[in-house]
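The block underneath contains the structure these notes are about, expressed in structure tokens.
The values are calculated or read from the model by the stated rules, or taken from the named source; none is laboratory data. Quick caveat: nothing in here was measured; it's all calculated off a predicted structure. Cβ placement follows ideal geometry from the backbone for every residue including glycine, while neighbour counts extend to all protein chains displayed.
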Amino acid sequence: MTALLEVAGLARAFGAVRAVGGVDFAVEDGEVFGVIGPNGSGKTTMFNCILGQLRPDAGRVRFGGAEITGARPLALARLGIGRTFQSLQVFGSLSARDNLIAAAQEYVGTLAGRLLAAPDAGLTGRAEALLARLNLAHVADKPAGSLSYGQQKLLDIGMAFMSGARLVFLDEPAAGVNPRIVGEMAAMLRALKAESGATFVVIEHNMDFVMGLCDRVMVMAEGKRIALGTPAEVRADPQVLEAYLGG
Amino acid sequence: MTLPTLSRANVAALAFIVAMTAGLLAAPLFLKTYGVYLLSLWALNTVAAIGLNLTLGYAGQISLGQAAFLGIGAYAVAILMKAGVSFWLGLPAGVLLAFAVGLALGFPALRVQHHYLAFATLGFNALVFLVIRNEEWLTGGNFGIRVARPELLGHSLRSGIDYYHVCLAVLAVTALLVWLLLRSPWGRAFACLRDNPIRAESLGIDVRSYTLLAFAIGAACAGVAGAFLAPLVNFIDPSPFGLVPSIYLLLMVIIGGPGRFFGPFLGAAIVTLLPEWLRVADVWYLVIFGIFVVALMAFCPGGLLAVPEKVAAMRAARRSARGSAAGQAGARP
Ligand SMILES: Nc1ncnc2c1ncn2[C@@H]1O[C@H](COP(=O)(O)OP(=O)(O)OP(=O)(O)O)[C@@H](O)[C@H]1O
Ligand SMILES: [Mg+2]
């Protein structure tokens with residue numbers, strides 16, 4: 001296997017706070033890569049440095065062998081990198097279906113061409129299929145802002161997949177979701193993965209979720225990587241236990 | 001190909017369009033010259049407000065400079081006609097100029113939002129107004145420029161009713177084009193940039209280009225309205241293109257309901273026609289108008305077209321409150 005994503009020496013400070021202090025890792029093509037760590041350990045900051053929301057102070061990021069350090073979110077999206085944010089981010093006034101269409105329409109044709117394209121840019125079929133997969137078919141026409149938190153969360157995740165991204169970053173997909181649905185969500189992600197063949201990088205606090213879903217897990221504490229391995233290896237690592245229990 | 005489904009909302013919109021068209025075509029039978037002039041003015045104000053509704057209501061970019069684009073369209077036509085150019089060449093020139101300047105005005109919106117953007121656009125409007133007023137060699141300054149009515153296919157449009165029909169046609173064409181645009185993927189991209197630009201960008205939506213386009217297209221609509229306004233009034237001076245007219249255009253959008261397709265039609269009717277009806281109230285007119293706007297914003301900030309939804313929501317809330325109160329009363333021993 002080849003590395004799809006390579007991160008080397010990535011660092012970012014906020015004033016005196018070294019949120020991310022030089023992190024290295026590589027994500028293999030086709031794997032589910034988990035990122036865990038206590039609150040404030042720099043997971044989201046690391047995502048935002050990779051995904052163009054924040055400028056890293058130092059370090060390099062490569063995607064499919066090409067340098068993408070400091071690239072803008074729009075450019076990364078066009079390269080086939082999808083993401084969700086830690087906070088819920090859907091288009092509240094658009095219907096659930098339109099949220100999914102919006103997430104993929106810019107990949108169809110040219111900007112000028114889309115002015116004259118069919119209103120749905122030919123994406124209704126794909127959106128309906130994904131809505132069914134996410135158990136959202138019955139709310140397809142409702143404004144996304146009126147859906148339940150869990151439904152919006154599922155929609156948000158669906159949007160990251162809609163354009164056929166090769167690499168998808170999810171920041172705490174299961175956070176705040178009804179525990180009953182968390183298992184369902186893991187199954188859904190597995191199915192999405194099987195269908196799309198996408199590679200995942202997933203931040204999550206829910207251990208059952210992470211251990212059940214991920215091929216490998218990286219553990220962060222205070223902006224540093226303290227462990228990296230299979231879920232079983234990581235779980236047995238004394239440093240990890242200390243980071244979670246001590247601190 | 002599948003036929004568009006005729007939902008209740010579609011049928012209602014269609015019935016509304018048919019009734020409105022019939023009413024507008026029949027109106028001159030009951031009106032004097034001034035009434036027909038006012039309706040022509042309403043049609044052109046609606047065109048400018050449709051543009052602002054696109055920028056503000058659909059794409060979420062505040063602009064307090066819409067009257068400046070009206071001025072750009074009007075003066076482009078007036079200056080070119082004075083130089084002997086046909087109105088029908090001046091029209092595209094004015095619209096293109098408004099589009100280009102609108103595109104340029106979009107750039108501040110890429111850096112600042114909300115009240116900063118409001119001030120940036122307001123400043124732009126003040127600048128355009130000063131240029132129009134001070135560059136007498138070009139614009140005639142406060143003395144203005146006379147503008148003759150154009151001809152259409154050899155037929156003079158000097159009659160008020162003929163020109164009214166032209167204004168209605170301009171409104172119909174603009175409304176249709178904007179409707180098609182809003183239905184296209186562009187319309188969805190505009191809504192995304194209004195709802196959540198950061199998320200939009202992460203989904204490959206080019207927020208930069210769409211922001212600039214939202215300004216430019218909104219400005220072009222005002223350019224169209226301005227180009228037809230100049231021959232309507234036969235004479236233009238700087239006064240209709242200052243800050244206050246921009247606020248009135250903003251009011252048209254806000255009163256009708258931003259982000260609602262027919263909002264500008266209603267808003268322009270109220271802002272254009274109400275002063276005439278309230279003439280009897282004389283100096284009290286502004287007070288009455290002010291109270292009306294304040295009450296509307298307090299009761300229904302979504303504008304007049306949001307009132308039915310608001311009332312329905314209030315009814316539903318009252319019903320459920322009564323239901324739960326009844327439930328509690330019944331539970332009592
Ligand atoms: N924009 C910012 N400005 C200043 N400090 C920040 C900013 N964003 C994050 N931080 C700080 O950087 C550190 C890392 O935060 P980050 O959000 O990356 O952690 P996290 O691992 O995602 O935590 P959580 O699990 O709670 O989401 C924290 O100390 C946080 O307070
Ligand atoms: Mg976080």
**Prompt:** Conditions: (1) more than 10 Å from chain A (Cβ to nearest Cβ); (2) at pLDDT 95 or above; (3) more than 13 Å from the chain's Cα centre (by Cα). B:L278 meets all but one. Number of the miss?
**Reply:** (2)
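Being under 23 Å from A:G176 (Cβ atoms), facing another protein chain (nearest Cβ under 8 Å), surrounded by fewer than 20 Cβ atoms within 10 Å (Cβ to Cβ) and not hydroxyl-bearing (S, T, Y) is the requirement here; does A:G92 meet it?
The answer is yes for A:G92.
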**Prompt:** For the stretch B:81-101, what are the residues that are modelled with pLDDT of 95 or more and more than 20 Å from B:V170 (Cα to Cα)?
**Reply:** B:A100, B:V101
**Asked** Taking the condition of a type in the set (S, T, N, Q), more than 17 Å from B:L96 (Cβ to Cβ) and more than 10 Å from chain A (Cβ to nearest Cβ), does B:N234 pass?
**Response** yes
**Message:** Checking A:L115 against (1) closer than 30 Å to A:D208 by Cα; (2) within 14 Å of chain B (Cβ to nearest Cβ); (3) modelled with pLDDT under 95; (4) in contact with a Phe, Trp or Tyr (Cβ under 8 Å, 6 or more places away or on another chain): exactly one of these is not met. Which one?
**Reply:** (1)
**Item:** Residues (within 28 Å of A:E6 (Cβ to Cβ) and among the charged types (D, E, K, R)) located in the stretch A:137-196
**Value:** A:D156, A:R166, A:D171, A:E172, A:R190, A:K193, A:E195
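Tell me, please, whether a residue that is modelled with pLDDT of 95 or more, in contact with a helix residue (DSSP H, G or I) (Cβ under 9 Å, 6 or more places away or on another chain) and not acidic (D, E) can be found in the stretch A:203-210.
Checked the stretch A:203-210: at least one residue is modelled with pLDDT of 95 or more, in contact with a helix residue (DSSP H, G or I) (Cβ under 9 Å, 6 or more places away or on another chain) and not acidic (D, E).
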**Request:** Output the number of residues of the stretch B:192-230 satisfying the condition of being in a helix (DSSP H, G or I), at the interface with another protein chain (Cβ under 9 Å from one of its Cβ atoms) and among the small types (G, A, S).
**Result:** 3
**Asked** Quick check, is A:P56 within 13 Å of ligand 2 (Cβ to nearest atom), farther than 24 Å from A:A103 by Cα and over 16 Å from the mean Cα position of the chain (by Cα)?
**Response** no
**Fill in**
Of the conditions (1) within 14 Å of another protein chain (Cβ to nearest Cβ); (2) in contact with a helix residue (DSSP H, G or I) (Cβ under 8 Å, 6 or more places away or on another chain), the single one that B:A268 does not satisfy is (1)
**Message:** Looking at the structure I just gave you, is B:A76 free of Cβ contacts under 8 Å to residues at least 60 places away in the same chain and assigned to a helix (DSSP H, G or I)?
**Reply:** no
**Complete:** Checked against (1) away from ligand 2 (no atom under 14 Å from the Cβ); (2) of a type in the set (S, T, Y); (3) touching an Asp or Glu at 6+ places or on another chain (Cβ under 6 Å), A:T69 satisfies every condition except (3)
**Request:** Return the total of residues in the stretch B:29-49 being part of a helix (DSSP H, G or I) and either farther than 10 Å from B:A225 by Cα or of a type in the set (K, R) (or both).
**Result:** 11
**Prompt:** Do any strands (runs of 3 or more DSSP E) entirely within the stretch A:6-109 hold 1 or more residues that are out of contact with any strand residue (DSSP E or B) (no Cβ under 7 Å at 6 or more places or on another chain), in contact (Cβ under 8 Å) with a residue 24 or more places away in the chain and not hydroxyl-bearing (S, T, Y), and if so, which?
**Reply:** A:17-28
**Subset of the stretch B:168-191 (residues that are assigned to a helix (DSSP H, G or I), facing chain A (nearest Cβ under 7 Å) and not hydrophobic (A, V, I, L, M, F, W, C))** = B:R183, B:P185, B:R188
**Prompt:** Does the stretch A:153-165 include one or more residues that are among the charged types (D, E, K, R), free of Cβ contacts under 8 Å to residues at least 40 places away in the same chain and over 14 Å from A:F33 (Cα atoms)?
**Reply:** no
**Request:** Go through the stretch A:196-247 and tell me which strands (runs of 3 or more DSSP E), entirely inside it, have 2 or more residues that are within 19 Å of the chain's Cα centre (by Cα), more than 22 Å from A:A8 (Cα to Cα) and more than 16 Å from ligand 2 (Cβ to nearest atom).
**Result:** none
**Message:** Quick check on my filter: what residues within the stretch A:12-54 are in contact with a helix residue (DSSP H, G or I) (Cβ under 8 Å, 6 or more places away or on another chain) and more than 12 Å from ligand 1 (Cβ to nearest atom)?
**Reply:** A:V32, A:G34, A:L51, A:G52
**Complete:** Picked from the stretch A:163-182 (must be within 13 Å of ligand 1 (Cβ to nearest atom) and within 14 Å of another protein chain (Cβ to nearest Cβ)), the residue farthest from A:F200 (Cα to Cα) is A:D171
